[in-house]
Amino acid sequence: MSLIRNYCLGALCALGAIANLSAQPVKLGAGAYVLAPKGGDQAVPAAPFRTAAMLKQAAPTNQWYSALVFSAKPEVLFAHPLTVQATSTGLELALPSKVVVPTERRDVEIHYPHTDPLLISPTAFTAGQPKLAKVGDWHIDIAWGQGPDQMTATVAHGSPYAYFQLSRGDVRLQLPVPSARTDSADPRVLAMNVKGKPYALFGPTGVRWEAVSNTEWIARLPEGKTYISAAALPDASAQTLALFTQHAYAFLQDTRVDWKFDEASSKVTNTFTAGTRAMEGADSGPLLGLYPHQWFKNAAVEPQLGPGFDTLRGKIRLLASSQFQTSQTYTGFVPFWPGVADNPRSTELRELIKNDQRSARRMMLEIGTGPYWQGKGLQRITKLMDVVEQQGDLESRDQLLKLLKARVEQWFAGDNAKTYFHYDKALGTVAGYPEEYFSVEQMNDHHFHYGYWIRAMADIALRDPAWASKAQWGGMVDLLVADIATPQRGGADFPFIRNFDHYEGHSWASGIGLGPFGNNQESSSEAINAWAGLILWAQVNGDTALRDLGVYLYTTEIEAINHYWFDIHHLVFPPEYKNVETSMVFGGKYAHNTWWIDEPRQIKGINLLPITTASTYLGRDPAFVKRSVATLKPDTEIFAARGKIAKPIDIWQDLFAKYLGLADSQAGLASWNRWGSFELGDTRSHTLHWLLSLQTMGQPDFETTANTTLYSVFRRADGQKTYLAYNAGKASLEVRFSDGKTLQVAPGTLGQTR
């Protein structure tokens with residue numbers, strides 16, 4: 001059953017019966033969407049390069065392999081440790097190496113480009129157009145051929161192998177440079193060293209390896225055994241080759257991740273399972289390559305890990321098993337923090353609130369007019385509303401609530417010629433108009449854009465659940481949730497959790513995967529904002545399954561951020577890379593830059609915003625926070641030496657004050673300038689309230705957990721703790737914290753104790 005049907009989006013359930021799509025609104029509670037773009041608006045892209053079976057499913061956009069379905073000449077795919085490129089001839093396969101690239105910013109980028117590949121192709125027929133034939137949770141099948149002439153290749157995240165099956169004929173191997181065969185006691189194995197890198201191909205019993213030249217081999221396959229596997233090896237030792245030979249005939253058939261959130265212990269357990277088929281002999285199971293966020297401090301797998309590969313993501317270590325588990329602690333968040341009372345700066349806070357309230361309508365749509373900036377504006381005002389409410393001004397809270405609802409209704413009604421949502425059946429997606437940042441044309445950033453809407457609507461629902469119910473405006477929220485977080489696999493309505501890479505542990509922003517370095521994500525913090533929105537929306541609606549999914553995405557992405565954006569454990573960045581963090585993570589490179597400007601403050605800030613109560617994870621390593629903020633001055637001096645200047649020169653100073661406050665509340669507050677620049681997804685009121693709250697409560701306590709979903713714990717330098725918990729249910733809630741503290745929380749309220 002699809003998420004659409006789970007959420008009772010009755011209009012969409014009848015899509016199959018609609019023969020003539022039009023721009024007439026389709027009702028969904030009090031809201032509506034349309035089934036075709038209005039006027040001359042851009043349509044979503046076609047994804048034709050899929051097999052007939054895959055065309056029956058929603059297109060898997062925003063994945064590491066999505067370039068396959070959109071382009072007749074797809075870009076390189078970064079599976080790690082391998083790179084592969086599907087061509088009209090066959091599959092290129094390579095083991096990339098580090099390249100250090102100096103930049104005009106006087107730093108470096110780290111690249112792992114697709115170079116010197118091996119090409120594997122059929123001999124009996126022309127491969128032709130590659131198409132996506134199957135998807136698992138971290139593997140894919142690529143198909144070539146016409147009619148009875150078929151070749152399929154299976155590649156996977158973390159796997160050093162590619163697996164090939166043909167309908168008939170032999171297999172050709174073409175090398176980038178002359179390479180001699182190395183010794184192997186097994187006649188099935190063709191091992192060689194190509195430009196210093198060990199590779200091996202594994203044929204069936206009876207295969208004959210025929211050298212056509214010093215750059216070309218033919219695998220003469222026995223009747224009925226038209227398969228081979230190919231692998232890059234981490235070293236050229238006989239022991240490693242024997243290990244790879246043992247597992248070379250266990251062809252991947254299925255990959256799946258399952259998650260389980262235990263609210264009582266605040267633990268998330270993820271189980272990764274790979275299914276294989278033995279092509280000959282006993283099924284020895286797969287060799288799985290685990291990323292650092294999977295093996296680091298994972299006592300369950302550490303004793304079993306074998307050799308590993310040096311990759312862009314750090315060391316990928318091999319595990320001879322069909323299953324493993326990871327576990328993270330969910331450290332919680334609450335929708336808002338309590339009011340600040342009896343503070344020397346309370347008068348200043350009241351003045352800021354008054355000014356921000358007067359500007360609320362303008363601040364709700366400050367720059368762009370599309371779904372990103374409107375969603376950002378809505379959340380901006382809900383965060384202002386939090387502060388107003390918690391400071392006790394309920395009349396002003398209600399005025400802001402009325403303003404928010406009116407803007408939401410304008411968008412969700414579906415009758416506006418410019419601001420609306422369109423559902424595209426062919427691709428299986430929701431597109432928001434007017435388009436921003438190629439969110440329609442290239443399917444970019446849906447989790448960023450819709451995450452703001454979902455979080456803002458959840459905040460409104462806390463105050464007016466009837467207005468936000470499915471029968472009213474909540475059905476449209478469920479539609480946006482379905483676009484980015486459908487948990488069903490293989491459905492026709494939406495793809496499985498559109499943006500999330502379950503094996504790498506983070507999201508991808510590009511919908512169609514353009515560029516030689518694969519997919520990318522810049523603002524990891526906006527991804528976290530989306531998953532926090534899922535959690536809160538689920539809690540408002542009592543949806544345990546969606547809550548569990550949101551917690552899984554939230555905790556897993558935080559782990560990936562700490563490794564691949566921040567490298568707080570020092571396992572990923574090489575010594576040549578001098579920046580404290582990276583801001584842009586690609587399949588094949590990382591860079592300290594942004595898509596729109598290389599100004600240092602925005603480079604750093606894009607992975608902080610929006611800072612909300614769900615952003616406490618940014619303070620996990622206080623020393624890292626201080627080190628990161630300290631680089632702003634020297635980086636800005638380099639920027640100025642290049643003849644450039646930030647506009648304004650203190651751009652986003654409020655972000656960095658809030659960020660520093662997570663490590664040192666006094667330093668954060670001291671660094672903030674009331675009259676300085678502020679990021680356009682936030683307000684001065686929210687910033688000062690945030691800083692004063694941390695001054696009162698202390699820093700986030702990640703050691704103390706609770707047996708509920710919406711909670712936070714803080715600890716002052718003197719050891720005093722503040723415990724917060726929000727009850728989104730309809731009955732009184734007793735919250736038990738892991739250190740023994742208990743807290744009774746009435747329905748619809750934020751509880752607090754010390």
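The values are calculated or read from the model by the stated rules, or taken from the named source; none is laboratory data. Remember, it's a predicted structure, so these values are computed and weren't measured experimentally. Neighbour counts run over all protein chains shown; Cβ positions are idealised from the backbone, glycine included.
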If you go through Asn541, Asn499, the only one that is modelled with pLDDT of 95 or more and closer than 30 Å to Asn593 by Cβ is Asn499
Could you list, in sequence order, all residues of region 507-530 that are farther than 17 Å from Thr594 by Cβ, in contact with a His (Cβ under 8 Å, 6 or more places away or on another chain) and not small (Gly, Ala, Ser)?
-> Pro516
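Just wondering, is there one or more residues in region 365-372 that are without any contact (Cβ under 8 Å) to a residue 12 or more places away in the chain, under 24 Å from Trp675 (Cα atoms), surrounded by fewer than 19 Cβ atoms within 10 Å (Cβ to Cβ) and assigned by TED's automatic domain parsing to the domain that holds Gly451?
Scanning region 365-372 turns up no residue that is without any contact (Cβ under 8 Å) to a residue 12 or more places away in the chain, under 24 Å from Trp675 (Cα atoms), surrounded by fewer than 19 Cβ atoms within 10 Å (Cβ to Cβ) and assigned by TED's automatic domain parsing to the domain that holds Gly451.
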Residue among Lys578, Lys644 that alone is surrounded by fewer than 23 Cβ atoms within 10 Å (Cβ to Cβ), farther than 30 Å from Ala156 by Cα and touching a strand residue (DSSP E or B) at 6+ places or on another chain (Cβ under 8 Å) | Lys578
Output the number of residues of region 516-554 satisfying the condition of being out of contact with any helix residue (DSSP H, G or I) (no Cβ under 9 Å at 6 or more places or on another chain) and small (Gly, Ala, Ser).
-> 1
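Table: residues versus (1) under 17 Å from the mean Cα position of the chain (by Cα); (2) crowded, with 24+ Cβ neighbours inside 10 Å; (3) of a type in the set (Phe, Trp, Tyr); (4) over 16 Å from Trp453 (Cα atoms).
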position	(1), (2), (3), (4)
Ala471	no, no, no, yes
Val477	no, yes, no, no
Ala482	yes, yes, no, no
Pro487	yes, no, no, yes
Glu504	yes, yes, no, yes
Trp508	yes, yes, yes, yes
Within region 395-417, how many residues are outside any helix (DSSP H, G or I) and polar (S, T, N, Q)?
-> 1
Taking the options Gly314, Gly281, name whichever one is at positive phi, surrounded by fewer than 17 Cβ atoms within 10 Å (Cβ to Cβ) and outside the structural domain of Ala458 (by TED's automatic domain parsing).
-> Gly281
What tally of residues in region 706-754 results from selecting those that are crowded, with 21+ Cβ neighbours inside 10 Å, more than 27 Å from Ala663 (Cα to Cα) and in contact (Cβ under 8 Å) with a residue 60 or more places away in the chain?
-> 1
For Tyr112, which of the numbered conditions (1) under 27 Å from Glu576 (Cα atoms); (2) hydroxyl-bearing (Ser, Thr, Tyr); (3) in contact with a Gly (Cβ under 8 Å, 6 or more places away or on another chain); (4) surrounded by fewer than 23 Cβ atoms within 10 Å (Cβ to Cβ) fails to hold?
-> (4)
Tell me, please, whether a residue that is surrounded by fewer than 22 Cβ atoms within 10 Å (Cβ to Cβ), touching a Pro at 6+ places or on another chain (Cβ under 7 Å) and either aliphatic (A, V, I, L, M) or outside the structural domain of Val580 (by TED's automatic domain parsing) (or both) can be found in region 618-638.
-> yes
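Examine region 374-386 for a residue that is among the β-branched types (Val, Ile, Thr) and closer than 18 Å to Ala32 by Cα, and state whether such a residue exists.
There is no residue in region 374-386 that is among the β-branched types (Val, Ile, Thr) and closer than 18 Å to Ala32 by Cα.
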Only residues in region 461-474 that are polar (S, T, N, Q) count as the first member; pair them with residues that are assigned to a loop (DSSP other than H, G, I, E, B) and surrounded by fewer than 16 Cβ atoms within 10 Å (Cβ to Cβ), Cβ under 8 angstrom, at least 6 apart or cross-chain, and list the lot.
-> Gln472/Ala466
If we only count strands (runs of 3 or more DSSP E) wholly inside region 271-331, which ones have 1 or more residues that are polar (S, T, N, Q)?
-> 305-311, 323-329
Of the conditions (1) free of Cβ contacts under 8 Å to residues at least 60 places away in the same chain; (2) out of contact with any Gly (no Cβ under 7 Å at 6 or more places or on another chain); (3) on the phi > 0 side of the Ramachandran plot, the single one that Gly128 does not satisfy is (2)
Within region 136-147, is there a residue that is over 15 Å from Leu77 (Cβ atoms), in the same structural domain as Glu210 (by TED's automatic domain parsing) and touching an Asp or Glu at 6+ places or on another chain (Cβ under 8 Å)?
-> no
Is there any pair linking a residue in region 648-668 that is assigned by TED's automatic domain parsing to the domain that holds Asp621 and closer than 18 Å to Asp701 by Cα to one that is β-branched (Val, Ile, Thr) and part of a loop (DSSP other than H, G, I, E, B), with Cβ under 9 Å and at least six apart or on different chains, and which?
-> Lys658/Ile611; Tyr659/Ile611; Leu662/Ile611
Does region 590-599 include one or more residues that are outside any helix (DSSP H, G or I), small (Gly, Ala, Ser) and at pLDDT 95 or above?
-> yes
